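The values are calculated or read from the model by the stated rules, or taken from the named source; none is laboratory data. Being a predicted model, the structure only gives us computed values, none of them experimental. All Cβ positions, even for glycine, are placed from backbone atoms using ideal geometry, and neighbour counts span all protein chains on display. Remember, those area values only see protein heavy atoms, side chains included, never the ligands or the DNA or RNA. Shrake-Rupley method; radii C 1.70, N 1.55, O 1.52, S 1.80 Å.
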Amino acid sequence: MTEIQKQAQQLGDYMVLWRRQFHQFPELSLQEAATSRHIQQELQNMGLEPVVLKNRSVIARLDGPLPGRRLAIRADIDALPLQEETGLSYASQVPGVMHACGHDYHAACLLGVAKLLLQNQKSLCGSVYLCFQTAEEVSEGGAWQIVDYLKENGGVDQAIAAHVSGSLPGGHIQLPAGPMMAGIAQWTLTVSGTGGHGSRPDLCRDPIRPASDILREFSAIPVNRHAPFDVCVINPCTFHAGTAFNIVPEQAVVSGNLRYFKPGDIDVIRRSMEEIATGIAAAHGCRATLDFEGMLPPCYNDPEAAAAGQALCAQLGIPLAPSGDPDTGSDDFAEFLSAFSGFYLRIGAHSGQPGTVGVHHNPRFALDDSSLPTAAAFLAAYAATFLRA
């Protein structure tokens, strides 16, 4: 066991205490006032000078005695609108709000990393930005404010983060090279026609039929228009049209999401969707508009950075879980990885406690927080290695 791992073990109770404190008093995205204050105060108690952004994200810079490279480490801190059903002694005390994705673990872990890096500060050449991010769970996301702050202050050479996994064995790390999580975009299709009486469709331009045809062609994009080696998913989730059985509506509005793994594929997919929508609508005598929002690029792990992380796992004796397939979910840490190189990893914390599950975003989600020292030791050791003279 390395010295930094021993130090992390000694901080185990400290991190578990904070993790359970955050878990008992969760706050929803964009409402993380108390969580942000606790983090600010704790960082100040360590002798750091945190900066608080407008969205309550907290950033603290830790400098080594000599100049060098710059690294950002991110932890998200927001909770979800769920009523906890775990029955744990430290279950949420806030009705309808729960840390069902492990962001309480992330925040506590990064506080531990801060203490570890302070203990090893004299060996650092460069700077570490400790980034406690609000609002990861909502489409407007909190990542870009931190990314903008980092850019305004000279940027960083790498950005890294860890996401706890309720399904991986405790203390195992999963760190693939390349695509880690999908890029996402929310889309809304509006087909406009001419309304009228249902008995005279010849005098109308019904938007329902072209909207249906457009959706059928959207579903064919992954197999007919997209490279077979580049996975994408286009999924309609709502369809609204009409108010009565005998009225041809003026509009049909459909919304959904698309996901992809190859950086830059969003532009290719958008062009295909726009061509299909405008062409089919025009053939029916209607008009179509397609709007996109909530867009995030894929979480793409830089192969060189991922290889360095994998090598560090071997050095620390941390088991590496098989990479498996990329996750079709999305995470706004992609904003960091789009702006800077780096990686996103998973740290196992499967619980197995009776009455709980390891499925994220579930009211019975639970973790084994005894893996916190492993996560903190890895992140701190990576920072120390990256900032070595």
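Screening the candidates 206, 202 for the property of being more than 30 Å from residue 314 (Cα to Cα) and either at pLDDT below 95 or surrounded by fewer than 15 Cβ atoms within 10 Å (Cβ to Cβ) (or both) yields one hit, 202. Candidates 72, 60, 8: the one that is at pLDDT 95 or above, outside any loop (DSSP other than H, G, I, E, B), open to solvent by less than 30 Å² (accessible area, probe 1.4 Å) and touching a Cys at 6+ places or on another chain (Cβ under 8 Å) is 72. With the condition kept exactly as written, say whether any residue in the stretch 311-334 is open to solvent by 20 Å² or more (accessible area, probe 1.4 Å), part of a loop (DSSP other than H, G, I, E, B), out of contact with any helix residue (DSSP H, G or I) (no Cβ under 8 Å at 6 or more places or on another chain) and within 30 Å of residue 64 (Cβ to Cβ). Checked against the condition, which is being open to solvent by 20 Å² or more (accessible area, probe 1.4 Å), part of a loop (DSSP other than H, G, I, E, B), out of contact with any helix residue (DSSP H, G or I) (no Cβ under 8 Å at 6 or more places or on another chain) and within 30 Å of residue 64 (Cβ to Cβ), the stretch 311-334 yields at least one hit. I'd like to check something: does the stretch 335-347 contain any residue that is among the acidic types (Asp, Glu), surrounded by 15 or more Cβ atoms within 10 Å (Cβ to Cβ), within 16 Å of residue 8 (Cβ to Cβ) and touching a residue at least 24 places away in the same chain (Cβ under 8 Å)? No - not one qualifying residue is present in the stretch 335-347. Close contacts from the stretch 30-42, counting a first residue that is under 17 Å from residue 143 (Cβ atoms) and acidic (Asp, Glu) and a second that is part of a loop (DSSP other than H, G, I, E, B) and modelled with pLDDT of 95 or more, with Cβ to Cβ under 8 Å and a gap of 6+ residues or different chains, come to 32/56; 32/77; 32/78; 32/134; 32/135.
Residue 55 meets all of the listed conditions (1) open to solvent by less than 10 Å² (accessible area, probe 1.4 Å); (2) farther than 20 Å from residue 112 by Cβ but one, namely (1).
Test residue 191 against the criterion of being within 30 Å of residue 302 (Cβ to Cβ), assigned to a strand (DSSP E or B) and of a type in the set (Val, Ile, Thr), and give yes or no. In short, no.
Under the condition of being surrounded by 21 or more Cβ atoms within 10 Å (Cβ to Cβ) and part of a loop (DSSP other than H, G, I, E, B), the residues counted in the stretch 75-88 number 4. Contact annotation: residue pairs with Cβ atoms under 8 Å, 6 or more positions apart or on different chains, pairing a residue in the stretch 233-246 that is touching a residue at least 60 places away in the same chain (Cβ under 8 Å) with a partner that is open to solvent by 50 Å² or more (accessible area, probe 1.4 Å) and not in a strand (DSSP E or B), are 233/328. Among the residues of the stretch 348-389, just one is buried (at least 24 other Cβ atoms within 10 Å of the Cβ), polar (S, T, N, Q) and out of contact with any Phe, Trp or Tyr (no Cβ under 9 Å at 6 or more places or on another chain), namely 374.
Before we move on, is residue 195 surrounded by 19 or more Cβ atoms within 10 Å (Cβ to Cβ) and either out of contact with any helix residue (DSSP H, G or I) (no Cβ under 8 Å at 6 or more places or on another chain) or closer than 22 Å to residue 264 by Cβ (or both)?
No.
Checking each residue in the stretch 69-105 for being among the charged types (D, E, K, R) and within 30 Å of residue 154 (Cβ to Cβ) picks out 69, 70, 74, 76, 78. Condition check for residue 176 on (1) in a loop (DSSP other than H, G, I, E, B); (2) touching an Asp or Glu at 6+ places or on another chain (Cβ under 6 Å); (3) within 24 Å of residue 71 (Cβ to Cβ): one failure, at (2).
Looking across 128, 156, 147, one residue alone is surrounded by 20 or more Cβ atoms within 10 Å (Cβ to Cβ), among the β-branched types (Val, Ile, Thr) and part of a loop (DSSP other than H, G, I, E, B). It is 156.
Among residues of the stretch 131-149 that are on the phi < 0 side of the Ramachandran plot, those with a beta-carbon under 8 Å from a residue that is charged (D, E, K, R) and part of a helix (DSSP H, G or I) at least six positions away or on a different chain give the pairs 143/335; 144/335; 147/335.
Scanning the stretch 11-35 for residues that are assigned to a helix (DSSP H, G or I) and of a type in the set (A, V, I, L, M, F, W, C), which turns out most open to solvent (accessible area, probe 1.4 Å)? Checking each candidate, the answer is 17.
Of all the listed residues (19, 61, 69), the sole one being under 21 Å from the mean Cα position of the chain (by Cα) and among the basic types (Lys, Arg) is 19. Taking residues in the stretch 73-96 that are closer than 30 Å to residue 386 by Cα, and partners anywhere that are surrounded by fewer than 19 Cβ atoms within 10 Å (Cβ to Cβ), the pairs with Cβ atoms closer than 9 Å and at least 6 places apart or on different chains are 78/28; 78/30; 78/31; 78/138.
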